[in-house]
């Protein structure tokens, strides 16, 4: 018997070599009972199983930490996009500087899109959605249904399969 290929022909009763226990663990297959009960292998197998469990836990924790750090970075980049939006909103569109800022904003949005970030699609005149919008201001408007979006103060964004940041809006209310 070699260290990298275990043969358990008696337990299987078929004369075929069994899969390597490491492969069985990696594929989450049940191990042969005779292999588990082998007094020489059992302590090493228990230690290996503990190490694999610890490695999976560590990997999950590192993945969660990396995701959280990426989320924070994306939120910081959105602050830059928001600043560009405000500057562009208050700048003459015919100005070369405004055109350059718009190009820069487009590049930021393309980068965010490459990172699976997408904008929450909102339109002036539609009713707001509590799940994707926070109301920052309310204006009394008797001519519109309550909750109609009047102005988008800050865009909201999705990331991967969830909401990264809610949009901030001004909406209508009745008096």
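Computed from the coordinates by the stated procedures, all read-outs in this text should not be read as laboratory data. For clarity, every value in this text was computed on a predicted model and none was experimentally measured. Because the Cβ atoms are built from the backbone with ideal geometry, glycine has one as well, and the counts that use them run over all protein chains shown.
The table below gives the values:
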item: Normalised convex hull volume, segment 43-93, alpha-carbon set, Å³ per residue; result: 41 Å³
item: Space enclosed by the convex hull of the alpha-carbon atoms of segment 118-175, per residue, Å³; result: 61 Å³
item: Additional length obtainable on full extension of the chain from residue 67 to residue 92, 0.36 nm per residue less Cα span; result: 5.1 nm
item: Per-selection Rg to Rh, segment 35-175 - Cα, Kirkwood hydrodynamic radius; result: 1.29
item: Spin-label proximity, residue 121 to segment 148-169 - amide N less than 16 Å from point 7 Å beyond Cα toward beta carbon; result: 156-159
item: Segment 118-175: relative contact order as a whole-number percent, Cα under 8 Å and 6+ apart; result: 44 percent
